[in-house]
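Data block below; observations after.
The values are calculated or read from the model by the stated rules, or taken from the named source; none is laboratory data. Everything numeric here is computed off the predicted structure, so don't read it as measured data. Here the Cβ is made from the backbone with ideal geometry for all residues, glycine too, and neighbour counts use every protein chain on show.
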Amino acid sequence: MKVLSKEERDYRALEYLKNQIRRGKYPSYKELQKKFNLHYFKINFKKLYLDTGINCLYLPIKRPAGCQVILKKELIKYVKNEINKNHYPSRRELEHKFRVKIGLLFGGIEHLYLQAGCPYIKKNSQKIKEEKAKILTNIVLKLLSKLDLTLIKRRNVNQKGIDILAKDYEGKKIGVEIKAFNKYESIKRKNINQIRVLMKKEKLKKVILITTASKVSKNVSLPENVSLILYDKLKDLCDEEVTKQLNHIRNYSVHIKTSEHETKRNKIIELIKNETKKGHKVSVISINKSLKIDIYTYFKNFYEIMEKAGVCLEPKMIRHIRNHEDRSRAKSILINNILKFMENETKKGYYPTAEDIKKNFSISHIWNYISMSDLYKKLNLPPYLEREHRIKRIKLLG
């Protein structure tokens, strides 16, 4: 029997590997070791796979040791290509799709994007999320009869409450909650907690959660009165055309760059400016109601909105700002506005008192922020007591 040289054995191992890959099979190190004795003949498993021309990123088996450098390059290239398509993959999407740990490879998703030559876009498109929710809601409405349910009421995607109210064959009211999730997302504890709150609020005995997700997070336990229809069960209820719509929801990313976020921010700011000019007070509730959007999707807090609009926050609202830097900045803006008011009044020959400031700025006690004497010192004017002493001296000397 002819003894094969290392080169011949290497060649045969490579040809065998190529043939297996063509058949959709990816032999492991253990399998190739048994067939070609890789270790004894010093045939490099990593090089063997790379010589087939396969992209390490898409390798479905455990990757050969020492692939990190190649893997990083391929991930950077993939992200660059996706950015060119106006798609910005999230950390979760990349990790699920390619079985990698972005933190270990790059130290974080932001660093991966920087190496791809683009800043990471953290915001999701609310518009796309709503469109996907509408598609799934319409699908579920058509499936109600298959679930032995009759429609009572449906809510729009931006309305609060259970998405669909229906009744079963016994006439009992049933809630149907819709979650139009990406295929890499899972049902989380917060989703179940949300349903519990809605059930209590709407006095429902049972809720069916219908989603395009395929799995449930490990730490989630479903209550007895909540039933779940995941993607696999959902598609069995659908024909081929509707299944395509489900796959669109699962595959179409909401993580893309659009002007939508900035447009909505500007709408909120303009509304506040206009309402303030009219002398109207604005609040989170009034903005959400007027524009039918959730402001916290576009701003981190109410103070940020008022600051961008150039409007002074009411004193009673300043103390509710959690961030210390934001609270200090809001106080500083308030004091500057008070100083402008005082400066204008003193030019008219009138020196405002604490009571005047209370009336004009709705401040219960100015000394919670600053003393009156300090305010006058900032204007380079003598405080009230000094003015009184000076007047008395002038009268005595006169």
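So is Tyr376 more than 28 Å from Asn266 (Cα to Cα), assigned to a helix (DSSP H, G or I) and hydroxyl-bearing (Ser, Thr, Tyr) or not?
Answer is yes for this residue.
Collect the residues in the range 340-367 that are surrounded by 15 or more Cβ atoms within 10 Å (Cβ to Cβ) and under 40 Å from the mean Cα position of the chain (by Cα), keeping them in residue-number order.
Hits for the range 340-367 are Phe361, Ile363, Ile366.
Out of Lys18, Lys62, Lys25, report the one residue that is touching a Phe, Trp or Tyr at 6+ places or on another chain (Cβ under 9 Å), under 27 Å from Tyr78 (Cβ atoms) and modelled with pLDDT of 80 or more.
Values: Lys18 fails: touching a Phe, Trp or Tyr at 6+ places or on another chain (Cβ under 9 Å); Lys25 fails: touching a Phe, Trp or Tyr at 6+ places or on another chain (Cβ under 9 Å).
That would be Lys62, the only listed residue that is touching a Phe, Trp or Tyr at 6+ places or on another chain (Cβ under 9 Å), under 27 Å from Tyr78 (Cβ atoms) and modelled with pLDDT of 80 or more.
Residue pairs, Cβ under 8 Å, 6 or more apart or interchain, first in the range 129-152 and assigned to a helix (DSSP H, G or I), second surrounded by fewer than 16 Cβ atoms within 10 Å (Cβ to Cβ) and of a type in the set (Asp, Glu). List them.
none
Scan the range 328-357 for residues that are of a type outside the set (S, T, N, Q) and more than 21 Å from Pro382 (Cβ to Cβ) and jot them down. Spell out how you get there, then give the answer.
First, pick out the residues of the range 328-357 that are of a type outside the set (S, T, N, Q): 329-331, 333-335, 338-343, 345, 347-352, 354-357.
Of everything in the range 328-357, those that are of a type outside the set (S, T, N, Q) and more than 21 Å from Pro382 (Cβ to Cβ) turn out to be Arg329, Ala330, Lys331, Ile333, Leu334.
Here's a check for you: in the range 96-143, which residue that is hydroxyl-bearing (Ser, Thr, Tyr) and more than 21 Å from Ile210 (Cβ to Cβ) is modelled with the lowest pLDDT?
Checking each candidate, the answer is Ser125.
Looking at Tyr58, is it surrounded by 17 or more Cβ atoms within 10 Å (Cβ to Cβ), over 30 Å from Asn156 (Cα atoms) and not aliphatic (A, V, I, L, M)?
Working: surrounded by 17 or more Cβ atoms within 10 Å (Cβ to Cβ): no; over 30 Å from Asn156 (Cα atoms): yes; not aliphatic (A, V, I, L, M): yes.
Considered against the rule, which asks whether it is surrounded by 17 or more Cβ atoms within 10 Å (Cβ to Cβ), over 30 Å from Asn156 (Cα atoms) and not aliphatic (A, V, I, L, M), Tyr58 comes out as no.
State whether one or more residues within the range 33-46 are under 24 Å from Asp10 (Cβ atoms), surrounded by 12 or more Cβ atoms within 10 Å (Cβ to Cβ), free of Cβ contacts under 8 Å to residues at least 40 places away in the same chain and under 42 Å from the mean Cα position of the chain (by Cα).
Yes, some residue in the range 33-46 is under 24 Å from Asp10 (Cβ atoms), surrounded by 12 or more Cβ atoms within 10 Å (Cβ to Cβ), free of Cβ contacts under 8 Å to residues at least 40 places away in the same chain and under 42 Å from the mean Cα position of the chain (by Cα).
Do we find that Lys30 is touching a Lys or Arg at 6+ places or on another chain (Cβ under 9 Å) and either free of Cβ contacts under 8 Å to residues at least 40 places away in the same chain or over 24 Å from Lys183 (Cα atoms) (or both) in this structure?
Answer is no for this residue.
Any residue at all in the range 63-80 that is within 21 Å of Gly107 (Cα to Cα) and in contact with a Gly (Cβ under 8 Å, 6 or more places away or on another chain)?
Within the range 63-80 (the criterion being within 21 Å of Gly107 (Cα to Cα) and in contact with a Gly (Cβ under 8 Å, 6 or more places away or on another chain)), the answer is yes, since at least one residue qualifies.
Would you be able to say whether some residue in the range 371-378 is over 27 Å from Glu304 (Cβ atoms), in the same structural domain as Lys316 (by TED's automatic domain parsing), among the polar types (S, T, N, Q) and free of Cβ contacts under 8 Å to residues at least 12 places away in the same chain?
Yes, there is a match, as at least one residue in the range 371-378 is over 27 Å from Glu304 (Cβ atoms), in the same structural domain as Lys316 (by TED's automatic domain parsing), among the polar types (S, T, N, Q) and free of Cβ contacts under 8 Å to residues at least 12 places away in the same chain.
Go through Gly66, Gly53 for me and flag whichever is without any contact (Cβ under 8 Å) to a residue 12 or more places away in the chain and either small (Gly, Ala, Ser) or surrounded by 16 or more Cβ atoms within 10 Å (Cβ to Cβ) (or both).
Gly53
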